[in-house]
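Colleague: Could you have a look at this structure, given as structure tokens, before my questions?
The values are calculated or read from the model by the stated rules, or taken from the named source; none is laboratory data. Treat the numbers as computed from the prediction; the structure is a model and nothing was measured. Virtual Cβ from ideal backbone geometry, glycine too; neighbours counted across all protein chains shown.
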Amino acid sequence: MDCHVEKDLARGVAPLEVRIGGVDRELHVVTGAFGFTGRYITRRLLAEGRRVLTLTAQPEQASPFGRDVSVAPFSFDNPARLASSLCGAAVLYNTYWVRFDWGGESYERAVENTRTLFAAAREAGVRRVVHVSITNPSEDSPFGYFRGKALLERELRESGVSHAILRPAVVFGPEDILINNIAWIVRRLPFFAVPGNGRYGLQPIYVDDLAALAVENGSRRDDCTLDAVGPETFGFEELVALIARSVGRRPRVLHVGPGTAYALTRVVGRLVGDVLLTREEIDGLMADLLVSGGAPTGATRLSDWLRANAATVGRRYASELARHYRRSAGEGGSSARNKTGSA
């Protein structure tokens with residue numbers, strides 16, 4: 001397509017073809033730069049001197065980066081406008097996804113929206129796409145999250161665009177939901193219900209390690225797929241115990257069936273006005289899909305991070321619905337389940 005820059009694309013930010021000190025600054029596009037994973041990717045790109053544009057469902061939202069990041073809407077319903085927004089971009093970092101079906105958002109809609117995004121990137125001549133997926137995706141999976149991610153991996157591989165696919169399991173950091181809300185629960189309740197035997201694994205990665213991996217792979221040219229996982233692997237019950245010790249609590253662990261666990265999460269969910277876990281997320285967690293058979297690609301240990309952040313983690317509840325659904329399912333839809341399934 002004949003790329004051009006729309007003057008009103010960004011909110012008062014310099015045009016995309018701007019030159020700084022006589023040197024062209026390469027444009028990188030991040031979906032959900034005001035969210036969880038996208039925010040850390042954006043910080044690293046700005047530190048490298050890149051120009052950054054974010055695609056977001058909330059273009060009117062106040063930017064944590066001020067005028068340093070240009071803003072454009074997703075425009076999934078207007079592929080030509082979406083392609084125009086991507087014109088001139090060297091790399092697209094895609095963190096867009098939804099954690100679960102809710103309201104008007106669904107995995108099926110997220111798959112179609114992402115297909116539209118990939119097609120727009122190809123049309124706009126984007127050189128490379130870095131796509132955040134999930135560990136162990138499968139088109140035959142009974143779980144919509146993992147099945148949808150697998151469909152999109154195939155879509156990207158068949159697009160002809162140079163790409164890197166990153167597969168995180170659980171993403172942790174100051175703004176995460178899963179680790180924070182486990183800490184929130186053990187701070188307040190004398191017991192913690194663990195579905196099944198609690199031995200199914202999770203291999204969490206620190207959000208800035210994931211961001212570093214994304215930016216590094218944005219500079220490569222070869223097509224690649226790699227798991228984005230940290231150096232520690234925990235059974236779920238072991239993870240709960242670690243978090244509890246870190247915040248000075250010793251809740252009694254109750255092993256319950258997945259149906260009972262789901263019923264309990266719904267009770268707490270009603271109290272806080274949120275969805276703690278869906279039944280599909282509990283079943284997916286118990287299917288041992290959040291671990292990797294490969295070498296760690298992140299260096300930060302969750303155990304070290306919890307010790308350093310013990311005073312603050314879990315002090316406040318982190319609402320999935322308030323953060324991603326009541327505003328919009330697209331913003332910050334960190335595909336890596338910072339949930340049970342990240343950003």
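Colleague: On the basis of being farther than 30 Å from residue 165 by Cβ and out of contact with any strand residue (DSSP E or B) (no Cβ under 9 Å at 6 or more places or on another chain), does residue 250 make the cut?
Modeller: yes
Colleague: Considering 85, 63, which residue is assigned to a loop (DSSP other than H, G, I, E, B) and either aliphatic (A, V, I, L, M) or over 17 Å from the mean Cα position of the chain (by Cα) (or both)?
Modeller: Matching residue, one of 85, 63: 63.
Colleague: Does any residue of segment 219-230 turn out to be among the polar types (S, T, N, Q) and either within 30 Å of residue 273 (Cα to Cα) or out of contact with any strand residue (DSSP E or B) (no Cβ under 9 Å at 6 or more places or on another chain) (or both)?
Modeller: Within segment 219-230 (the criterion being among the polar types (S, T, N, Q) and either within 30 Å of residue 273 (Cα to Cα) or out of contact with any strand residue (DSSP E or B) (no Cβ under 9 Å at 6 or more places or on another chain) (or both)), the answer is no, since none of the residues qualifies.
Colleague: Six or more apart or on different chains, Cβ atoms under 8 Å: show the pairs whose first residue is in segment 271-287 and in a helix (DSSP H, G or I) and whose second is among the β-branched types (Val, Ile, Thr) and buried (at least 19 other Cβ atoms within 10 Å of the Cβ).
Modeller: Between residues of segment 271-287 that are in a helix (DSSP H, G or I) and residues that are among the β-branched types (Val, Ile, Thr) and buried (at least 19 other Cβ atoms within 10 Å of the Cβ), the close pairs are 281/340; 282/265; 282/340; 284/340; 285/340.
Colleague: Sticking with this structure for a sec: Considering only residues that are surrounded by 20 or more Cβ atoms within 10 Å (Cβ to Cβ) and not β-branched (Val, Ile, Thr), which ones fall in segment 154-175?
Modeller: Result: 156, 163, 164, 166, 167, 168, 169, 172, 173.
Colleague: When you check residue 134 against the structure, is it in the same structural domain as residue 269 (by TED's automatic domain parsing), in contact with a helix residue (DSSP H, G or I) (Cβ under 8 Å, 6 or more places away or on another chain) and buried (at least 20 other Cβ atoms within 10 Å of the Cβ), yes or no?
Modeller: For residue 134, the condition - in the same structural domain as residue 269 (by TED's automatic domain parsing), in contact with a helix residue (DSSP H, G or I) (Cβ under 8 Å, 6 or more places away or on another chain) and buried (at least 20 other Cβ atoms within 10 Å of the Cβ) - is not met.
Colleague: Looking only at segment 256-303, how many residues end up being more than 21 Å from residue 190 (Cβ to Cβ), among the hydroxyl-bearing types (Ser, Thr, Tyr) and out of contact with any helix residue (DSSP H, G or I) (no Cβ under 9 Å at 6 or more places or on another chain)?
Modeller: Qualifying residue count for the region: 1.
Colleague: Condition (residue is among the hydrophobic types (A, V, I, L, M, F, W, C), crowded, with 18+ Cβ neighbours inside 10 Å and under 22 Å from residue 145 (Cα atoms)) applied to segment 234-256: is it met by at least one residue?
Modeller: Within segment 234-256, one or more residues are among the hydrophobic types (A, V, I, L, M, F, W, C), crowded, with 18+ Cβ neighbours inside 10 Å and under 22 Å from residue 145 (Cα atoms).
Colleague: Quick test for you: out of 195, 258, 190, pick the one residue that is over 30 Å from residue 101 (Cβ atoms), touching a Pro at 6+ places or on another chain (Cβ under 8 Å) and either among the small types (Gly, Ala, Ser) or outside the structural domain of residue 140 (by TED's automatic domain parsing) (or both).
Modeller: Sole residue among the options that is over 30 Å from residue 101 (Cβ atoms), touching a Pro at 6+ places or on another chain (Cβ under 8 Å) and either among the small types (Gly, Ala, Ser) or outside the structural domain of residue 140 (by TED's automatic domain parsing) (or both): 190.
Colleague: Output the residue which, of all residues in segment 301-343 that are surrounded by 23 or more Cβ atoms within 10 Å (Cβ to Cβ) and in a helix (DSSP H, G or I), is modelled with the highest pLDDT.
Modeller: Among those residues, the one meeting the criterion is 302.
Colleague: Are any of the residues in segment 104-126 in contact with a strand residue (DSSP E or B) (Cβ under 8 Å, 6 or more places away or on another chain), surrounded by fewer than 17 Cβ atoms within 10 Å (Cβ to Cβ) and in the same structural domain as residue 157 (by TED's automatic domain parsing)?
Modeller: no
Colleague: Here are the criteria: (1) among the polar types (S, T, N, Q); (2) part of a loop (DSSP other than H, G, I, E, B); (3) assigned by TED's automatic domain parsing to the domain that holds residue 90. Tell me which single one residue 292 does not satisfy.
Modeller: (3)
Colleague: Follow-up question, since we're still on this one. Tell me the residue from 98, 69 that is modelled with pLDDT of 95 or more, under 22 Å from residue 130 (Cα atoms), touching a Phe, Trp or Tyr at 6+ places or on another chain (Cβ under 7 Å) and not basic (Lys, Arg), please.
Modeller: Answer to the check: 98.
Colleague: For segment 144-250, which strands (runs of 3 or more DSSP E) that fit wholly inside it have 3 or more residues that are under 17 Å from the mean Cα position of the chain (by Cα)?
Modeller: It comes to 162-168, 224-228.
Colleague: Please verify whether residue 129 is modelled with pLDDT of 95 or more, under 22 Å from residue 46 (Cα atoms) and not in a loop (DSSP other than H, G, I, E, B), treating the condition exactly as stated.
Modeller: So residue 129 fits the description; yes.
Colleague: Answer with yes or no whether residue 50 is at pLDDT 95 or above and among the basic types (Lys, Arg).
Modeller: Spelling it out, residue 50 is indeed at pLDDT 95 or above and among the basic types (Lys, Arg).
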